[in-house]
Amino acid sequence: MYQAIYVHTGAYDAVITEKGVFPVDERTLYCFLNASSLNDDFSDWEGGWEINWNNNDNIWDVALDMGDIVAYYDKNNTLRVCDKDLWKERLLFWSDRLRQ
């Protein structure tokens, strides 16, 4: 089971939870990166884009349909990075934006 999945679509980044898709901005990234220390299991994330579920889809299926899975939180709320190079690229992108 996945708590939240970070996806890069080529056009934007998003975090996918059971409650929806959340476009990444500075605040969303902060909350995603610090979920463990904030004791956030993503269950109260509200207000994202709604997911149109197909039959037996789960958030992993939705993430695969959206783009490249970069990182995710597992059922133990541990951050797992799937693509280390893309993760570094996305963090660099956001750190550059935060400096502007």
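The values are calculated or read from the model by the stated rules, or taken from the named source; none is laboratory data. If you're wondering where the values come from, they're calculated on a predicted model, not measured in any experiment. Every residue, glycine as well, gets a Cβ built from its backbone with ideal geometry; the counts of neighbours run over all protein chains shown. When the accessible area is computed, the model is the full protein with side chains, heavy atoms only, and any ligands, DNA or RNA have been set aside. Shrake-Rupley method; radii C 1.70, N 1.55, O 1.52, S 1.80 Å.
For the residue pair residue 54 and residue 1, what label-to-label distance in nm results when each label sits 7 Å from Cα along the Cα-to-beta-carbon direction?
2.5 nm
Using Cα-only point scatterers and the Debye equation, what is log10 of I(q)/I(0) for the chain at each q in 0.10, 0.12, 0.15 Å⁻¹, rounded to two decimals?
Summing over Cα pairs of the chain leads to -0.24, -0.35, -0.55.
Once the other residues with Cβ under 13 Å from the Cβ of residue 9 are scored (Lys, Arg +1; Asp, Glu -1), what is the net sum?
Numbers: positive: 90; negative: 13, 65, 68.
The answer is -2.
In whole percent, how big is the carbon plus sulfur part of the accessible area of the chain, probe 1.4 Å, protein atoms only?
On the way: 2720 of 6140 Å².
Of all accessible area on the chain, carbon and sulfur atoms account for 44 percent.
Among residues other than residue 60 whose Cβ falls under 14 Å from its Cβ, what is the net charge (Lys/Arg +1, Asp/Glu -1)?
Details: positive: 75, 80; negative: 18, 57, 61, 65, 68, 74.
With Lys, Arg at +1 and Asp, Glu at -1, the neighbours total -4.
For the chain, list the DSSP H helices whose alpha carbon atoms reach 24 Å or more along the long axis and whose average Kyte-Doolittle value is 0.5 or above? Let's see the in-between values first.
Details: long enough: none.
None clear 24 Å together with a mean of 0.5.
Under a 1.4 Å probe, what is the accessible area of the chain per residue, stated in Å²?
Details: 6140 Å² over 100 residues.
Value returned for the chain: 61 Å² of accessible area per residue.
Tell me which residues come under 5 Å, amide H to amide H, from residue 82 once H is placed; ignore anything under 5 positions away on its chain.
The list, which skips near neighbours in sequence, is 71, 72.
For residue 24, enumerate residues with amide H under 5 Å from its amide H, sequence gap 5+ or separate chain, H modeled in the peptide plane.
Sorted by chain and number, the residues that satisfy this are 13, 14, 15.
Need the C-alpha centroid separation for segment 22-100 versus segment 3-20, integer Å.
Comparing the Cα centres of segment 22-100 and segment 3-20, I get a distance of 5 Å.
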